[in-house]
Structure formats: C-alpha cells, structure tokens
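In what follows, a structure is listed as structure tokens, so that the remarks can point back to it.
The values are calculated or read from the model by the stated rules, or taken from the named source; none is laboratory data. Not measured: the values here are computed from a predicted model. Here the Cβ positions follow ideal geometry from the backbone for every residue, glycine too, while neighbour counts run over all protein chains shown.
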Amino acid sequence: MKLQQVFDFLAVTQHGSVHAAARATGQTQPALTKSLRRLERTLGLPLFDRHAKGMRPNDYGKRFLPHAQHLVHETKRARDTMSQMRGERLGTVQYGISAAASVLLATSAIHRFRQRYPEVELSCRSGLYHTLTPLLREGQLDFAICSLNADDTDPQLKARVLLTSPLVMAARRDHPLGQARSLHELSEAVFAVAGPPGQPGASVYPVFSQAGLGIPRVDMQTDGLIDTAALVANSDRMALLPTALITTGLLREQLDIVPIAEPLPSYVIGLIQRTAQPLTPAAEELSTQFEREAADLRTASP
C-alpha cells in the first residue's frame with residue numbers, strides 16, 4: 001500500500017466522485033481510478049459503493065477511513081517535525097481547546113508563539129473533554145487543553161494540570177435565589193450544564209447527589225462553559241462555574257456568586273497529549289506558551 005493511494009482514497013471520500021477528486025488534486029481521472037483499484041487489490045476488499053452520481057465509502061471503506069486519516073496526519077506531523085528541526089518555521093499545529101480555557105489562556109499564549117513561529121498555521125478545534133479526546137486519539141490533534149476527567153484513565157493519553165479553579169454557584173445579578181446559603185434552598189432551581197452527566201462541566205449532578213437532593217432540574221446542556229455562563233447571565237438559570245471564569249471572564253459584570261455553605265469541587269484545566277507521540281517543535285512551543293500563561297494566571301490569582 002502506497003501513501004499516495006491513501007491520499008487518493010481520502011480525496012474521493014471527501015469529494016464524492018473520481019471526477020471531482022481528480023480536479024481537486026490535479027490528477028487525471030484514469031490515474032486516480034488506477035490508484036484506487038490498486039489500493040483495493042492490496043487490501044483485498046472494495047472500499048466504495050459506485051453509482052451514477054458518484055462514489056461513497058461502503059462498510060469496508062468506512063472502517064478504513066479513520067486509519068487512512070491517521071496515516072495522513074502522522075505523515076504530515078513527521079514532515080513538520082523534520083523541517084522544524086532543520087530550522088524551518090513552517091508547518092501546522094492542530095490543537096483543541098475548550099471555550100473557557102481559550103478565554104483564560106489563549107490570547108497571550110498565541111501572541112508569544114507567533115513571535116517565534118510567525119509562519120506556522122494554527123488549526124483550532126473548540127470542544128470539551130468528551131469531544132476533543134477522541135480526536136486526539138485518532139491523531140487529528142497535537143494536543144488539547146480542556147477540563148480533565150478524573151474518571152478517565154486512558155493509557156493512550158497523558159495530561160498535566162495547568163489550572164485548578166474552585167467551582168462556585170453562579171447566578172445573574174439580582175437573581176431571586178442569589179443570597180441562598182444552602183444547596184437545599186436551590187432544590188427547585190433550574191440549572192444549565194456544559195456537557196453530559198459525568199463530565200466536569202456537569203458537576204451539579206454529583207453535588208446534588210452528595211447533598212441528598214437527588215437529580216437537579218437541568219433544562220439546558222451546552223457545548224462549553226462560556227455558553228453556560230451566557231445562559232446564566234441572561235436568565236433565571238444557575239450553574240456551577242469556575243471562579244476564574246467569573247472573575248476574569250467576559251461576563252464577570254453580569255454574574256454573582258451565590259454564597260452557599262456546602263463545599264464544592266474544583267474545575268481542573270489540563271493539557272492532554274498522546275502518550276506515545278512526541279509533539280513537533282512548533283506544537284511543543286505552543287504548549288509551553290499555554291503552560292506559561294497558566295502559571296502567570298496562577299501567580300496573579302489571590
């Protein structure tokens with residue numbers, strides 16, 4: 001199996017036909033067709049359903065697709081590593097980051113990175129732990145910065161803590177329950193969460209359970225803490241949010257901390273990468289700048 005055949009497979013998968021893929025890649029249709037047939041012969045299986053309007057991966061092709069994507073990503077990463085070790089400041093860094101981590105860390109980290117690698121392309125995917133870690137495992141990301149899930153002990157991944165911020169109960173200014181002193185006073189409140197139960201952005205579920213309050217009334221699940229904070233700031237919903245987000249975030253003037261007495265867990269933001277794969281020099285530099293910004297934020301916090 002040749003790498004070019006894998007590239008050709010991905011091109012046809014993306015464009016839906018040999019004609020469109022050949023035009024996009026600058027090849028002739030016969031050459032691309034020949035490449036696909038050789039790949040299918042090597043694998044011993046057909047990879048596409050062919051029909052009048054084009055081609056789409058069949059069940060075999062769908063199973064082959066993530067492996068093909070991984071090969072291409074790793075090849076590009078290897079080329080970037082070698083070129084950057086030669087002193088060339090080119091290539092791509094693909095990273096994932098949660099919205100909360102981006103607000104707290106990204107601006108200064110990227111600015112400092114650009115001073116050393118002005119020509120390197122940055123590709124950013126926004127998401128939470130449960131959406132970013134699959135991309136990391138597949139090799140689509142160099143690293144991810146997001147909340148850490150203490151229950152996940154995947155040996156394929158390793159993480160280092162960047163920030164630990166205590167969670168607080170947040171509500172909009174002048175909320176009817178804004179002066180509540182106990183979780184029991186919030187038993188009928190409506191909450192927003194970031195991510196499904198079991199994820200760090202949905203900590204209200206175990207907090208209520210440990211307080212003997214059963215299942216909280218959650219009517220909104222968002223894709224990130226920034227969206228959750230915006231909902232809280234503009235409605236009667238409440239949420240558990242990291243202190244750092246309330247004190248430094250864009251919505252700090254619209255949110256109050258509800259002074260409940262019960263102890264609450266902390267929200268931990270970390271940098272996650274694959275255990276067996278070293279970062280390219282450019283990705284290592286960007287991760288270092290995120291760590292530096294997190295250290296500065298820890299120092300500045302009271």
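Brief remarks on what is shown
- Among residues of region 195-253, those that are in a strand (DSSP E or B) and surrounded by 13 or more Cβ atoms within 10 Å (Cβ to Cβ), counted: 10
- Inter-residue pairs, beta-carbon under 9 Å, first within 16 Å of ALA171 (Cα to Cα) and among the acidic types (Asp, Glu) and in region 192-205, second modelled with pLDDT under 90 and buried (at least 23 other Cβ atoms within 10 Å of the Cβ), 6+ apart: none
- Matching residues, region 18-56, being surrounded by 17 or more Cβ atoms within 10 Å (Cβ to Cβ) and outside any helix (DSSP H, G or I): GLN27, LEU47, PHE48, MET55
- Which numbered condition THR288 fails, given (1) in contact (Cβ under 8 Å) with a residue 24 or more places away in the chain; (2) over 18 Å from GLU185 (Cα atoms); (3) surrounded by fewer than 21 Cβ atoms within 10 Å (Cβ to Cβ): (1)
- Condition check for ALA171: surrounded by 13 or more Cβ atoms within 10 Å (Cβ to Cβ), more than 20 Å from the chain's Cα centre (by Cα) and either touching a residue at least 12 places away in the same chain (Cβ under 8 Å) or outside any helix (DSSP H, G or I) (or both): yes
- Test: LEU71 is farther than 30 Å from ALA230 by Cα, buried (at least 16 other Cβ atoms within 10 Å of the Cβ) and touching an Asp or Glu at 6+ places or on another chain (Cβ under 7 Å): no
For (1) touching a Cys at 6+ places or on another chain (Cβ under 7 Å); (2) without any contact (Cβ under 8 Å) to a residue 12 or more places away in the chain; (3) within 19 Å of ALA78 (Cα to Cα), each residue gets a yes or a no:
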position: TYR95; (1), (2), (3): yes, no, yes
position: SER98; (1), (2), (3): yes, no, no
position: ILE110; (1), (2), (3): no, no, no
position: SER123; (1), (2), (3): no, no, yes
position: SER126; (1), (2), (3): no, no, no
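- Reported count of residues in region 259-280, each being under 17 Å from LYS158 (Cβ atoms), assigned to a strand (DSSP E or B) and either in contact with a helix residue (DSSP H, G or I) (Cβ under 6 Å, 6 or more places away or on another chain) or of a type outside the set (S, T, N, Q) (or both), is 6.
- Residue match in region 244-258 (condition: closer than 30 Å to ASP154 by Cα and either in the same structural domain as TYR117 (by TED's automatic domain parsing) or modelled with pLDDT of 95 or more (or both)): yes
- When ALA101, ALA109 are checked against the criterion of being touching a Lys or Arg at 6+ places or on another chain (Cβ under 8 Å) and either in the same structural domain as HIS70 (by TED's automatic domain parsing) or modelled with pLDDT of 90 or more (or both), ALA109 stands alone in meeting it.
- THR133 vs. criteria buried (at least 16 other Cβ atoms within 10 Å of the Cβ), in contact (Cβ under 8 Å) with a residue 60 or more places away in the chain, in a helix (DSSP H, G or I) and among the β-branched types (Val, Ile, Thr): yes
- Answer residue from region 57-70, given it is in contact with a strand residue (DSSP E or B) (Cβ under 7 Å, 6 or more places away or on another chain) and not in a strand (DSSP E or B) and is farthest from LEU135 (Cα to Cα) among those: ASN58
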